[in-house]
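What follows draws every value from the coordinates through simple rules; no lab data is involved. Bear in mind that the values here come from a model prediction, so they are computed numbers and not experimental data. Methodologically, a virtual Cβ is constructed for each residue, glycine included, from the backbone with ideal geometry; neighbour enumeration extends over all protein chains shown.
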Amino acid sequence: MRRVYLDNNATTPVLPEVFEAMRPFYLEQFGNASSIHHYGQHARGAVEKARGSVAALLNARPAEIIFTSGGTEADNLGIFGLVSRGDHVIASTIEHSAVLNTCKRLEQMGCEATYVPVNSRGEVNPGDVRAALRPNTKLISIMMANNETGVVQPVEEIGKIAREADVFFHTDAVQAAGKIPVDVQKIGCDALSISGHKIHGPQGTGALFIKKGTLIQPLIYGGSHERQRPAGTENLPGIVGLGKAAELAKLWLESSGPSEMAAMRDRLQNQVMNAVEAAGVNGLGASRVPNTTNLWFDYMEGEALVIALDLKGLAVSSGAACSSGAIEPSHVLLAMGLPHQRARASIRISLGKQTTEEDIDFGITVIPETVGRLREISPVYQKAKVV
Ligand code: PLP
């Protein structure tokens, strides 16, 4: 059976070059980067090379990059590390749970939080961020690109507001890195999170950019690895893989890759929309990363569609992968004002570097066919047709 993977916002396959770069660090060059002998020095050299590659992707200095176990840890460090009891933080209602639940925890610990809304296209209004500022505001955390809709947020304007108000600005760039240029200088942020497995690097790797001179509290205490943030022996093969993935992502961004990917995404989206009635695109009209589209199909459950598509060999998702299993509609789509029913009738399609035109053709055939079949057996749809 043919299988096509269009769920790259959940995770991406490791590129062969990334895998090859990692391999020797499991078998021969396995040193602990803190050891002073040959093995350790070689490992340290590899970690520093990777730090340079990640810094280059983000237009940061190598010393501003801290390796983490992924986007979630980077978000936690970038938020917990900058905020103390009594501080106020501003986030948006469409943040990933790695940011939302961190802010919720801060509230339990004696901080205050404001969650700014989004418009129907899923965009934060920088004016709302400015209006939410308080004398005790310490941090603004607004994502660069949303994981469900791909909508890009006005982070440069928000960075300017943060600088003027002299508050920290953290942005979760997990779904932006490797898809659109991410430049910490232009954004003017103090902290920025990325994740390895969203850019064709290994799962369980990530990094936090922390602007030079910014004092950050560690999350994990132990030895002095990563300048104590976080303590613990570095994940050497993982860091090497993340570095290689960052290097390849930079090259790809400088190529025709992003526009070709956007063209493939648009072809899939438009052909499906032409073929299916009572359907639409969430976040249409907003600036979006080139690999993502989020579609609603009335008169059905997104979960049922995801399962039916999987049986046909097409992997997509409904809502965020992390919250699938729960039948709750997506908090992102609800924040955009979608009625519950439509939010539950939405699926996310996300392309990767391995996606081919044939994969897109497959989606163009299989999605309308499957939607049609599910609607045929849907009493709600039959009733709507009669009316
Ligand atoms: N932030 C966003 C926007 C994400 O999409 C994800 C993963 O889905 C994360 C953070 C968490 O990253 P990780 O899976 O590396 O912990």
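Its residue count N sets the reference 2.2 N^0.38 Å, and the alpha-carbon radius of gyration of segment 198-325 equals 1.45 times that reference. Residue-normalised convex hull volume from the C-alpha trace of segment 85-237: 121 Å³ per residue.
Given the pairs LYS49/LYS160; LYS138/LYS244; LYS104/LYS212, which are separated by over 30 angstrom at their Cα positions? Don't skip to the end; give the middle numbers.
Details: LYS49/LYS160 32 Å; LYS138/LYS244 35 Å; LYS104/LYS212 28 Å.
As for pairs spanning more than 30 Å Cα to Cα, those are LYS49/LYS160; LYS138/LYS244.
Looking at the calculated P(r) for segment 12-146, what percent of the C-alpha pair distances fall above 20 Å? Across segment 12-146, Cα pairs with separations above 20 Å total 60 percent.
Close amide H contacts of THR171 (hydrogens built in the peptide plane, cut-off under 5 Å, sequence separation of 5 or more or a different chain): ALA191, LEU192, SER193.
For segment 21-26, putting each phi into the Karplus relation 6.51 cos²θ - 1.76 cosθ + 1.60 with θ = phi - 60° gives couplings of 5, 7, 3, x, 7, 8 Hz, in residue order, rounded to whole numbers and with x for Gly and Pro. Dimensions of the chain along the principal axes, based on C-alpha atoms and rounded to the nearest Å, stand at 75, 53, 34, largest first.
Determine, for each peptide in 336-346, 304-314, the mean count of other beta carbons within 10 angstrom over its residues, then list the peptides with the highest first.
Details: 336-346: 19.7, 304-314: 17.5.
Ranking the peptides 336-346, 304-314 by packing returns 336-346, 304-314.
If you bin all the Cα-Cα distances of segment 207-281 at 5 Å, starting from zero, the percentages per bin are 3, 11, 12, 12, 12, 10, 9, 10, 9, 7, 4, 1. Residues whose amide H falls under 5 Å from that of VAL116, counting only those 5 or more places apart or on a different chain, are ALA91, SER92, THR93, with hydrogens built in the peptide plane. Distance from the C-alpha centroid of segment 258-290 to that of segment 353-387: 15 Å, rounded to the whole angstrom.
Per-residue packing, averaged as other Cβ atoms within 10 Å, sorts the ranges 364-372, 293-301 into the order 293-301, 364-372, beginning with the highest.
Arrange the peptides 240-253, 261-274, 3-16, 177-190 so that the one whose residues have, on average, the most other Cβ atoms within 10 Å appears first.
Numbers: 240-253: 24.0, 261-274: 17.3, 3-16: 19.5, 177-190: 22.1.
Most protected by this proxy first, the peptides run 240-253, 177-190, 3-16, 261-274.
Taking other residues whose beta carbon is less than 11 angstrom from the beta carbon of GLY283, and scoring Lys, Arg as +1 and Asp, Glu as -1, yields +1. For the Cα trace of segment 290-385, dividing Rg by the Kirkwood Rh returns an Rg/Rh value of 0.97.
Per-residue 3J(HN,Hα) values for segment 258-265, derived from phi via the Karplus relation 6.51 cos²θ - 1.76 cosθ + 1.60 with θ = phi - 60°, read x, 6, 5, 5, 4, 5, 5, 4 Hz in sequence order (x marks Gly and Pro). Annotation: the antiparallel percentage among DSSP beta bridges lying fully within the chain is about 55.
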